[in-house]
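The values are calculated or read from the model by the stated rules, or taken from the named source; none is laboratory data. Please read all numbers here as calculations on a predicted model, not as lab measurements. Don't worry about glycine lacking a Cβ; one is built from the backbone with ideal geometry, like all the others, and counts go over all protein chains shown.
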Amino acid sequence: MPGSAQDSAHDPNGNASGPSRRATLRTAGAAASAALLLPLVSATPAAHADQPRTDGPPADDGALQRAFVSAAAEYGVPLSVLLGVSYLQSRWDGHRGAPSVTGGYGPMHLTDAHTALLTAPHHSQGTEDARGDLARPLKVPEPSVPEPRQLPARLRTLSRAAELTGLPAAALRGDEGANVRGGAALLAAAQKRLGLPPSEDPADWYAAVAAYSGADDATAAAVFADDVYEVIRGGAARTTGDGQRVRLDAAPGVTPDTRQLRTLGLPSPARDPRVEAPENVSCEWIPAPYERFGDGDYGNHDLASRPASQSIDYIVIHDTEGSWDTTIKLVQDPTYVSWQYTLRSSDGHIAQHVPLKDVAWHAGNWYVNAKSIGLEHEGFLTAPDAWYTEAMYRSSARLVRYLAKRFDIPLDRQHILGHDNVPGTTTAGIKGMHTDPGPYWDWAHYFTLLGAPFRRTAGASGGLVTIRPDYRANRPVYTGCETAGQACAPHGSAAVRLHTAPSADAPLVKDIGLRPDGSDSTTGVNDTGARATTGQQFAVAGRRGDWTAIWYLGGRAWFRNPKRRPTAVSAKGLVVTPKDGVAEVPVYGRAYPEKEAYPQGVPVQAVSPLPYKLLAGQSYPLGLRTRGEYLWATTFDQAGHQVVRGQDVYYQIQFGHRVAFVRAADVTVRRSGK
């Protein structure tokens, strides 16, 4: 995926300020370079079709339910246990044989990462500069392809399932019934290995369930098992992406024997007092180093005293595109970059690396870094598409709820950002900004887990819409998951595609920041130029039949929004529009102070407008109001850091797929729909 943009910090003579950094390319070690990613190529043809891809309902929508019943009986696993484990891994979805972000296949998430993964870890791809300014020149590790034996056991459970069932690996990857049998076999084998009886009572399978997570400590294993039993007690029912109807009847009286956990022989370390996380997640402390090395350089984050020094306004959701083990090694490299938390896919376990008071280097935009917390979710965007485990979604949501409450961060899409929503800081950096977690991250489900689901808040005259397609049924064609120009496998998506006119045959809207030559956006899975994503709000610019227009990147953008199957719901709120008599307003990727605000010794940072314009008559939803700020931090000693605050006030707006900033002096704030 594209690297992050660089943010200039120059002296009057045009030289980069601060000590020279990342002058040479260094490897991050053999283990760290084992991270793999099938590159998602965005150089793909423009498209003019926006109909969701559907293959019709299955001939037998109860086949998967029967497969669970059959596998449970064959291997002597209680049906509720088998269904509960599968729900926490995949919500019973087989994803048509596509691997998860950690190389897991099918409803039981049988892992075969070696087959699923190819090259290039996310943080080392392209022009990555996670810090977000020129004070730290590029440094990346060198990737290599690991052998299966180099991967941890939790990333190769499919081969073990093949041994136990006698089924070929291809069947376990692509056939949902076979995959369920493989998962049942793994649970039964764990029960036997632990010396526990093949009981019909689901309460007697606690240790086997905990073992299925692949967790390497007792706390993480217990959190996974507790979540499974919460599902068993509460029950669940859903229709999968393939139209399979699956149901787990509630069993509120099931009380598992948690004492079984000791049979796993896993360590039970006490939580490090430096950990900042809620009690209902498993979290360990693996610190990112703060060290000096050569020529006055240091890394891999900056010391600060947030929120006293600067408010924390954002939580940024990332996808590591590297394995847990590789990602952990990367964040421990003092010459590299950092983020606050890493979340493991298989069981939702969390590691914290940087104290929340300090500034990590993760977003590719220094202004956002200084005012945000970064969460990296373990995963590889693999061929032909990607999906994320329920265990990780739930753990991440618990952590974000905790952080949002602690720092008073609103639970909306202008404060809970994807890395793909962070703006480039300058025109030159727009192309290099990252595109994770991508169109397959289920924002609707995530915000439901956060307790802030996206609902209609106004009538049709409210003036705003909140993007909210049905993730399962919304399947726009993406290309480039595996090969440039080649269609990705059909998959649910949180995004809708934007056209220049109310027709699926109309060209996609242009993004002059991504394509200065004026060419159309594409269906490339990494191309965010014509994409609106679940939870994002936009001002309505027109309606025609089944189509709705929104103001987007300085023009009208149309998306299909039929009444019978809407892809957005009506909303209301505050919007900004150019002041009377102002034809156009500049748009910025950061909210930096005016030059008069900088004290002696701190180089003035250019307030560089992006190539976009907010034109008269257009409206964009208001996210937050802030004074211009810049954190000057180029010295190892925190005493040399300064926060520069100006008098200029900025408004953050939802301008395109990414947020942006405008000067308050240039715009008027009003209620939408008026």
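Quickly run through the stretch 569-620 and pick out the residues that are of a type in the set (Gly, Ala, Ser), at pLDDT 95 or above, surrounded by 15 or more Cβ atoms within 10 Å (Cβ to Cβ) and assigned to a loop (DSSP other than H, G, I, E, B).
Gly573, Gly589, Ala591, Ser619
List pairs: first in the stretch 487-503 and under 17 Å from Ala98 (Cα atoms), second basic (Lys, Arg) and in a loop (DSSP other than H, G, I, E, B), Cβ under 6 Å, 6+ apart or cross-chain?
Pro490/Arg53; Pro490/Arg475; Gly492/Arg472
Tell me yes or no: at least one residue of the stretch 494-501 is within 15 Å of the chain's Cα centre (by Cα) and closer than 27 Å to Tyr612 by Cα.
Looking for residues that are within 15 Å of the chain's Cα centre (by Cα) and closer than 27 Å to Tyr612 by Cα, one finds at least one in the stretch 494-501, hence yes.
If the Cβ limit is 6 Å and pairs must be 6+ apart or interchain, which residue in the stretch 403-428 that is within 26 Å of Pro609 (Cα to Cα) pairs with which residue that is crowded, with 19+ Cβ neighbours inside 10 Å and among the charged types (D, E, K, R)?
His419/Asp436; Asn421/Arg658; Pro423/Arg658; Thr425/Asp7; Thr425/Arg590
Condition first: more than 15 Å from Gly235 (Cα to Cα) and either without any contact (Cβ under 8 Å) to a residue 60 or more places away in the chain or basic (Lys, Arg) (or both). Now tell me which residues in the stretch 71-94 satisfy that.
Of everything in the stretch 71-94, just one residue is more than 15 Å from Gly235 (Cα to Cα) and either without any contact (Cβ under 8 Å) to a residue 60 or more places away in the chain or basic (Lys, Arg) (or both), namely Ala73.
How about the stretch 221-246: which of its residues are among the charged types (D, E, K, R), touching a strand residue (DSSP E or B) at 6+ places or on another chain (Cβ under 9 Å) and under 20 Å from Arg394 (Cα atoms)?
Arg238
Scan the stretch 259-266 and give yes if some residue there is outside any helix (DSSP H, G or I), farther than 28 Å from Ser70 by Cα and more than 25 Å from the chain's Cα centre (by Cα), otherwise no. Walk me through how you get there before you give the answer.
Quick first cut of the stretch 259-266, residues outside any helix (DSSP H, G or I) only: 265-266.
Going one step further and asking which of them are farther than 28 Å from Ser70 by Cα, we end up with 265-266.
Still in the running and more than 25 Å from the chain's Cα centre (by Cα): 265-266.
Taking every residue of the stretch 259-266 in turn, at least one turns out to be outside any helix (DSSP H, G or I), farther than 28 Å from Ser70 by Cα and more than 25 Å from the chain's Cα centre (by Cα).
For the stretch 68-94, name all the residues that are in a loop (DSSP other than H, G, I, E, B), under 29 Å from the mean Cα position of the chain (by Cα), at pLDDT 95 or above and buried (at least 24 other Cβ atoms within 10 Å of the Cβ).
Within the stretch 68-94, just Trp92 meets the criteria.
I'd like the residue in the stretch 495-519 that is of a type in the set (A, V, I, L, M, F, W, C) and closer than 25 Å to Gly429 by Cβ and, out of all such residues, is surrounded by the fewest Cβ atoms within 10 Å (Cβ to Cβ).
Ile512
Under the condition of being assigned to a strand (DSSP E or B) and among the β-branched types (Val, Ile, Thr), which residue from the stretch 543-568 is nearest to Ala506 (Cα to Cα)?
Thr548
Quick one: in the stretch 633-674, of everything that is polar (S, T, N, Q) and surrounded by fewer than 17 Cβ atoms within 10 Å (Cβ to Cβ), which residue is farthest from Asp511 (Cα to Cα)?
Residue satisfying both the conditions and the ranking: Gln638.
Filter the stretch 334-356 down to residues that are more than 28 Å from Asp412 (Cβ to Cβ) and touching a strand residue (DSSP E or B) at 6+ places or on another chain (Cβ under 8 Å) and give me whichever is surrounded by the most Cβ atoms within 10 Å (Cβ to Cβ).
Out of the qualifying residues, it is Ser346.
Tell me, yes or no, whether the stretch 628-639 has at least one residue that is part of a strand (DSSP E or B), more than 30 Å from Tyr290 (Cα to Cα) and of a type in the set (A, V, I, L, M).
No, there is no match, as no residue in the stretch 628-639 is part of a strand (DSSP E or B), more than 30 Å from Tyr290 (Cα to Cα) and of a type in the set (A, V, I, L, M).
What do you reckon, is Asp325 among the acidic types (Asp, Glu), surrounded by fewer than 24 Cβ atoms within 10 Å (Cβ to Cβ) and either over 30 Å from Arg173 (Cβ atoms) or at pLDDT below 95 (or both)?
yes
Kindly indicate whether any position in the stretch 278-298 is at positive phi and touching a helix residue (DSSP H, G or I) at 6+ places or on another chain (Cβ under 8 Å).
Within the stretch 278-298, the subset at positive phi is 294-296.
The next check asks that each one be touching a helix residue (DSSP H, G or I) at 6+ places or on another chain (Cβ under 8 Å); those that pass are none.
No, because not a single residue in the stretch 278-298 is at positive phi and touching a helix residue (DSSP H, G or I) at 6+ places or on another chain (Cβ under 8 Å).
Consider the stretch 95-120. How many of its residues are hydroxyl-bearing (Ser, Thr, Tyr) and at pLDDT 85 or above?
Of the residues in the stretch 95-120, 2 are hydroxyl-bearing (Ser, Thr, Tyr) and at pLDDT 85 or above.
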